[in-house]
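Heads up: the structure comes next, in structure tokens.
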Amino acid sequence: MPPALVRTDLLGSPELKGRAFVEAYTDRVEQWLAAIFAEEAGEAAAVALVALGGQGRRELAPQSDLDLLLLHEGRDAPSALAEALWYPIWDEGLKLGHSVRTVRDTLSLASGDLETATALLSARHICGDEELTLRLRERARANWVKRGRRWADELSADVRKRHEDAGDVAYALEPDLKEGRGGMRDVHALGWVSAAGEPVDERLLAGLVEPYDELLAVRVELHRIQGQPGDALVLQEQDTVAAALGLADADALMERVSGAGRRIAEVSDEAWYDLDTRHGARGSLLRRRDRSLGDGLVSRQGRVALVDELRPPADPFACLEVALAAAREGQRISRATLNSLVGAPSPPGGPQAWPDEARQRFVELLLLGHPSVEVIQVLAGRGLWVRLLPEWRRAESRPQRNAYHRFTVDRHLLECAANAAELSSRVSRPDLLVMAALLHDIGKAYPELGDHSEQGAPMAGSICRRMGFAEPDVETIETLVRHHLLLADVATRRDLSDPATAEHVAGVLGTAERVELLQVLTEADSLATGPSAWSPWKSDLVQRLAWGAIEALGGSAGERRGEASTGSEVPGRPADGAPATPEKHRHLLEGQGVCTEAVADTLVVAYDRRHDGFARIAGVLALNGLDVLGASVHTEGGRELAEFTVDPGVSACPHWERVSADVEAALNGRLALRSRLAERSRSTRRPHVVEHQFEPAVRFDNGSTTSTTVVEVVGPDSTGLLYRLARALGDFDLGVTAARIHTMGADVVDSFYVEPPGGGLLVDEGLQAEIRRALLDELDPGTARQLT
């Protein structure tokens, strides 16, 4: 009977953190393995138990896999000993990567497999024949050096692919601590390529010990808390991990993680750029003489450099010229040049402090689009970007505490500006567009001041005045920053067929040029936010609202209607936001009973008027797994015509025959809709998200943007929510004439256009309070109880 592995004292010890924990835990596990080996191996000769990979580095985290090689000589594998070792590990609930091989077989496998070859670089003897382990280590390292150039090329490709898949540790809201750019694997990769004989500055590698150990400490606590493998620092665990590390809150934790990721990424990027320049397509650059780039700059050995790198430039804006050249050439900036730029004077402050040329260079850099993003991040890493924009400092590494966003505030702003640059051909003032994009969320860096849009607008104005923009242009940028959410919010929550909607937007923005700029800014912002923030449906709505606002201002959007934005109008879809079209569907209205018609992602239903008809149709769509994007209702005589636009999900087209049959059954009172939806809700597994973006709320809008009452419901999403909300409104005899459904991560912002029995607006405050209570109870019973 093998001895038991005692580890609960280590796993539960709050004093043991980071490297101290992984080394103690690795030692405890291997002492246990050595005891089993001693008991089972007996007098067996030429057998050794070897730790590989992360275990070989003595870095076992609480949920790490063991990585073991049972090394032997001769043809007969020690199968009985292997089983005696592996089964106790499985019995303890540990995950295990294992193999039983000879030295020759192991080296043969490693000769063609990067993962095996790198795992052997950290091979470490645990017990048994130490000479056998030593022989494997020496030969594996010799073979690695022998094939060093080949392995360096493979590692370089692997690093690029990994970064593309896992994203950035420094800028992601839920970073992958191990595989992301600036993560732990980047440090491993530099060690491996250095072991292959490639010149990597040992001082740079030594400087990575501290940030690596910071990420290691976070990974240990993440494993402890999750109780399962995983290296993504997800939002719902960040506060708990922060507390375990003795930090004030999740923001403090993410600032530490981002700082470590930046330092690792900077060294990693520099090292791989040098290696790729030496061996890759840019290798010829090393053999060339300096190539003049003008303005005191040269391309020197594959990098942009000052002609005189030893003397800091006197121009405080020299970094902009250098950054422009680097982004245009697709080259990194020389380290010596960066050091020299740090020694340059700071730009002056105050209104109109920048010379025109500096402002022009700044805008030119932004208009280069995505090539400028990494260059700006390099400047930021040396403190040069904050010299230009002191207000930027608090945006650096600042997380956005919701799952809707994928980047920190600073990276989101740069990505938005880059997206805006690529869309800038659609506006008459690209300079104002990219400036507004760069600064639209700057207020998020100062949450204590209040609403980020309201507070960010004067901040953006101050920055632009300092840069020397003309006052009318400053006012336009301020307006765009203050109202950067206007088009998206109104388009997805209000009835676009109501002229008051477009007139409201026109009144807020004031000019057709600003509407045009905001339309493109909205798209750039959404694309930078995350994959769920922009869609053909949303693009369609924003475009229609912008056209309507331009026409309300006396302009003409006609010539622009042919221009397709990202995700332009979807063929076969009706004009979402328009009311149900009675003439087009006259045959349905004049029919008897329930009549349905479906095309693409739109369902039209005519039925004898009933107060809960809208709710029942919404319930059927939820039952069939279809998310409603928008809906409208037309009433004529004793009949209603309801039109629903849905998101079909992964299927190209919903199963409309089945849906239509369910709709007919529900409207005829032959479907246990409430029971079936409750069953579907119990069986539907939703991702566990602790942090919601919005507190549950119900708001009433009586004519500020429309000519009817809009009931806006905000809160956590759930299966069948639209059905329950519409049913609750029906309990008050309110007719739903239209609905806009907007899902943001785990939350919804649903807007219902309602009509009281006698018509007019819903102004009775007592009735509003009761409606609010009923809707909040469907959203979150706890919130409704607080109103008692």
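Peptides 218-230, 722-734: what's the order by average Cβ count within 10 Å, highest mean first? Display every interim value, and only then the final one.
Working: 218-230: 18.6, 722-734: 21.1.
The densest-packed peptide leads the list: 722-734, 218-230.
Multiplying the sequence separation of R393 and A248 by 0.36 nm and subtracting their Cα-Cα distance, what value in nm do you get?
Numbers: separation 145, 0.36 × 145 = 52.20 nm, distance 1.99 nm.
Between R393 and A248, full extension yields 50.2 nm more.
Once you have a ≥ b ≥ c as the square roots of the Cα gyration tensor eigenvalues for segment 403-498, tell me rounded if a/c is under 1.5, and otherwise prolate or oblate according to whether a/b is larger than b/c. Please report the intermediate quantities before stating the final value.
On the way: a/c = 1.32, a/b = 1.13, b/c = 1.16.
Rounded, since a/c falls under 1.5.
State the Cα centre-to-centre distance between segment 707-764 and segment 164-189 in whole Å.
42 Å
In the chain, how does Rg compare with the Kirkwood Rh, expressed as the Rg/Rh ratio over alpha carbon atoms? Provide the component values of the computation, followed by the final result.
Numbers: Rg = 31.5 Å, Rh = 30.3 Å.
In the chain, Rg relative to Rh is 1.04.
Excluding G350 itself, what net charge comes from residues whose Cβ is under 13 Å from its Cβ, given Lys and Arg +1 and Asp and Glu -1?
On the way: positive: R465, R466; negative: none.
Combined, the nearby Lys, Arg, Asp and Glu give +2.
Under 29 Å between C-alpha atoms is the cut-off here; go through the chain and count lysine pairs that meet it, provided they're at least eight residues apart or on different chains.
Count of close lysine pairs: 10.
Gain in length, R135 to L449, computed as 0.36 nm per residue apart minus the alpha-carbon separation, to one decimal in nm?
Roughly 106.6 nm would be gained on extension.
In whole angstrom, note down how far apart the Cα centers of segment 583-636 and segment 342-378 are.
55 Å
I'd like the distance separating the alpha-carbon centroids of segment 195-259 and segment 1-27, in whole Å.
If we compute the Cα centre of each part, the gap is 19 Å.
Could you calculate the FRET efficiency of L11 with E115 from 1/(1 + (r/R0)^6), where r is the beta carbon distance between them and R0 is 22 Å, rounded to 0.05?
Values: r = 28 Å, r/R0 = 1.28.
In this case the efficiency is close to 0.20.
Would you please put 135-144, 614-623 in order of how densely packed they are, using the mean number of other Cβ atoms within 10 angstrom per residue and starting with the highest? Mind dumping the intermediate values first?
Values: 135-144: 16.9, 614-623: 25.4.
Top to bottom by mean Cβ count within 10 Å: 614-623, 135-144.
In nm, to one decimal, how far is the modelled label at D91 from the one at A20, with both set 7 Å along Cα→Cβ?
3.3 nm
Rounded, prolate or oblate: which one fits segment 126-183, using the alpha carbon gyration tensor with axes a ≥ b ≥ c (rounded when a/c is under 1.5, else prolate when a/b beats b/c, else oblate)?
On the way: a/c = 5.56, a/b = 1.89, b/c = 2.95.
Oblate.
Could you tally the net charge around M467, taking each other residue with its Cβ under 14 Å from the Cβ of M467, Lys/Arg +1 and Asp/Glu -1?
Working: positive: R359, R361, R387, R465, R466; negative: D356, E357, E364, E391, D431, E471, D473, E478.
Once all neighbours under 14 Å are counted, the net charge is -3.
How many Å² of accessible area per residue for the chain, probe 1.4 Å?
Details: 33120 Å² over 788 residues.
On a per-residue basis, the chain sits at 42 Å².
The values are calculated or read from the model by the stated rules, or taken from the named source; none is laboratory data. Predicted model, so just to flag it, every value in this text is computed and none were measured. In this analysis, Cβ positions are derived from the backbone assuming ideal geometry, glycine residues included, and neighbour counts consider all displayed protein chains. Surface areas here come from the heavy atoms of the whole protein model, side chains and all, with no ligands, DNA or RNA. Shrake-Rupley method; radii C 1.70, N 1.55, O 1.52, S 1.80 Å.
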